[in-house]
Structure formats: structure tokens, C-alpha cells
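Worksheet for the structure shown next.
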Amino acid sequence: MSFSMSAKAHYACLAMLELALRHDEDRPVALREITARHSIPQPFLVQILQQLKVAGYVTSTRGSQGGYRLSVDATAISLLDICDAIGCGDSEQSPESTDTTAEAQVLGATWRSASKAFRDVLASIRLEDLANDCSRADGAMFYI
């Protein structure tokens with residue numbers, strides 16, 4: 001079933017959220033900062049960020065002061081956009097294509113419906129929404 005969240009999609013969304021939260025900083029966000037904060041394996045994150053760069057969602061700067069920034073406004077990016085950009089879209093073939101029984105067809109229609117609902121939820125959530133939720137949650141934390 002294609003409506004589960006892969007580790008790759010989770011990491012991509014985490015990295016994009018980190019960039020959205022830090023978009024006002026005067027410098028790009030270093031790869032090592034993202035990997036350290038979110039425990040994402042660096043080679044995996046490099047691959048993910050390259051795909052997001054090709055999709056036009058991030059830009060990179062080389063060098064010791066280099067890193068990554070969002071290249072589009074966080075209001076313009078949904079979680080579904082991020083997942084589709086890294087190839088975690090709904091590409092699996094439904095099981096009913098090989099099953100001819102009524103039960104298999106009904107169950108296949110249920111899986112398609114669940115997958116569509118999952119994609120609809122991801123499409124409705126903007127990166128900015130999550131960044132705002134994180135900012136509110138961080139501001140509400142009580143430190144001793």
C-alpha cells in the first residue's frame with residue numbers, strides 16, 4: 001500500500017521544515033546542522049537535498065559558509081509537493097489489477113481510496129503551516 005510515509009519522505013519534510021524555520025537567517029543552513037539536529041544520515045540527506053534542488057525548492061551555496069536555503073516561499077510548498085519531488089509519490093500498482101474476484105476488487109478500491117485520502121491530506125498541509133505550529137510549540141515550552 002502506498003499511503004505510508006517512507007523514511008526518505010520524512011527526512012525530506014524535516015529538512016524542508018528546518019529550512020523554513022530558519023529562512024530569516026542571514027546565512028544558509030549548513031548540512032551538518034540539519035544532520036546533527038535531526039539524526040539524518042548525511043549521505044542520505046545530500047541525495048534528498050539534491051532532488052529538492054532539482055525540483056526548484058532549495059538552493060545551495062558551496063564553501064565553508066555554505067549550506068541550503070528555501071528558494072520558494074513556504075506558503076507555496078505542500079508536504080505532497082515535497083514527497084513528489086523526491087519520488088515518494090503514489091507510484092505503486094494496485095493489487096486489484098491482477099485479482100479478478102469481487103472481494104479483491106472491493107479491497108483494491110478501498111486501498112485506492114485510502115491512498116487518495118492520504119495524498120489529499122499531504123496536499124492540504126503547507127510548509128508554512130508546520131513552521132507556524134513549531135514556532136507556537138517552541139514559544140509555549142516552559143524552561144527551568
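Observations on the model:
- More than 24 Å apart - percent of Cα-Cα pairs taken over the chain: 40 percent
- Axial C-alpha extent at least 30 Å, average Kyte-Doolittle at least -0.5 - helices from the chain (DSSP): 102-124
- Accessible area of the chain divided out per residue, in Å², using a probe of 1.4 angstrom: 61 Å²
- Accessible-area composition of the chain, carbon plus sulfur, in percent [1.4 Å probe]: 54 percent
- A crude spin-label estimate for the pair TRP111 and THR59, with each label 7 Å from Cα along the Cβ direction, gives 4.3 nm.
- Here each label is just a point 7 Å from Cα along the line to Cβ, and for GLU103 and SER39 those points are 4.1 nm apart.
- Packing here is the average count of other Cβ atoms within 10 Å per residue, and on that basis the peptides 36-49, 14-27, highest first, run 14-27, 36-49.
- Sites ALA76 and VAL46, calculated FRET efficiency, Cβ-Cβ separation with R0 25 Å, nearest 0.05: 0.55
- Translational diffusion coefficient (Stokes-Einstein; Kirkwood radius from C-alpha pairs) of segment 1-64 at 20 °C, 1.002 mPa s, in µm²/s: 173 µm²/s
The values are calculated or read from the model by the stated rules, or taken from the named source; none is laboratory data. Please read all numbers here as calculations on a predicted model, not as lab measurements. Note that we place each Cβ from the backbone using ideal geometry, even for glycine, and neighbour counts take in every protein chain shown. Just so you know, the surface numbers come from the protein's heavy atoms only, side chains and all, with ligands and any DNA or RNA stripped out. Shrake-Rupley method; radii C 1.70, N 1.55, O 1.52, S 1.80 Å.
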